[in-house]
Amino acid sequence: KAGVTQTPRYLIKTRGQQVTLSCSPISGHRSVSWYQQTPGQGLQFLFEYFSETQRNKGNFPGRFSGRQFSNSRSEMNVSTLELGDSALYLCASSLTPYNEQFFGPGTRLTVL
Amino acid sequence: GESVGLHLPTLSVQEGDNSIINCAYSNSASDYFIWYKQESGKGPQFIIDIRSNMDKRQGQRVTVLLNKTVKHLSLQIAATQPGDSAVYFCAENTSRGTSGSRLTFGEGTQLTVNP
């Protein structure tokens, strides 16, 4: 069974731009969560989706948004990029919100 | 084997030794705990989990211990191998009923296994 896939793997943007990251969960998994990983803040929860509904949101500004499609694929969007948004963005999928989460390889975003 | 205090960012062990990585969690309502291993350039990899109604769970070469009284979690790796070198994170997942759940991660411990 294929694992969680994330595209693109690497991305370079400039301040003020916006970016969309994509996540395809493991087949059959209906829950998708997003995390931001930085050296200073570690792994921080962004949001969680289940059955196309955002069930939980972390403490990030409104510039960070996401959605989930009927096939459970998810996208997250960051608008008006700031230098501090440079990070590894990780997606994790699980059968339901209460099962173990399996992570993808991440998208490395660099904001210049 | 070598034991880490309540949390140390790095742990260095000799190949074949047992490793113990400790973690303190913050939320007494957390009902599910997970250990992840993250190698350079990769996403976190699930190792083992434990629910709050248990105090010990064993996997292949790994054991997780949960002490709810002091909100402490530990990961024991038996016969540590060079391939075990990675950053290890504990995470707590607070079930929130219909509002979903979220993982809160610890700071991570870099395990280095010396041949």
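In this structure, B:R57 and A:T20 have a Cβ-Cβ separation that, at R0 = 22 Å, corresponds to a calculated FRET efficiency of about 0.05. Here the Karplus curve 6.51 cos²θ - 1.76 cosθ + 1.60, taken at θ = phi - 60°, turns the phi angles of the stretch A:7-14 into couplings of 9, x, 7, 9, 8, 10, 10, 10 Hz, with x standing for Gly and Pro. Averaged over the residues of A:93-105, the number of partner chain Cβ atoms lying within 10 Å of the residue Cβ comes to 5. Candidates A:L43, A:S72, A:I12 compared by Cα position along the dipole of chain A: farthest toward the positive end lies A:I12, with charges placed on Cβ. Principal axis analysis of the Cα atoms in the protein assembly as shown yields extents of 50, 38, 33 Å, listed in decreasing size. Solvent exposure of the protein assembly as shown amounts to 47 Å² per residue of accessible area, where only protein heavy atoms count and the probe is 1.4 Å.
Measuring nothing but protein heavy atoms, the accessible surface of the protein assembly as shown at 1.4 Å probe radius is 48 percent carbon and sulfur. Solvent-accessible area of B:D55, all protein chains in place: 100 Å² (probe radius 1.4 Å, heavy atoms, ligands and nucleic acids excluded).
For A:E82, the solvent-accessible surface computed with a 1.4 Å probe is close to 90 Å², ligands and nucleic acids excluded. P(r) of the stretch B:46-115 in 5 Å steps, Cα pairs, percent per bin? Here the calculated profile for the stretch B:46-115 is 3, 14, 22, 24, 18, 10, 5, 2, 1, 0. Provide the buried accessible surface between chains B and A in square angstrom, both chains summed, 1.4 Å probe, rounded to the nearest 100. For B against A, buried area totals roughly 1700 Å².
So if we plug the beta-carbon distance of B:H72 and A:T96 into 1/(1 + (r/R0)^6) with R0 = 41 Å, what FRET efficiency do we get, rounded to 0.05?
The value I calculate is 0.90.
Could you tell me which residue out of B:S12, B:T104, B:A24 lies farthest along the dipole of chain B toward its positive end? Charges go on the beta carbon: Lys and Arg +1, Asp and Glu -1, centred on the Cα centre. Ranked along the dipole, the leading option is B:T104.
The mean number of partner chain beta-carbon atoms within 10 angstrom of a residue's beta-carbon across peptide A:43-55 is 3.
The values are calculated or read from the model by the stated rules, or taken from the named source; none is laboratory data. Small disclaimer: the values here were computed from a predicted structure and weren't measured. As a convention, Cβ positions derive from the backbone with ideal geometry for all residues, glycine included, and neighbour counts pool all protein chains shown. Remember, those area values only see protein heavy atoms, side chains included, never the ligands or the DNA or RNA. Shrake-Rupley method; radii C 1.70, N 1.55, O 1.52, S 1.80 Å.
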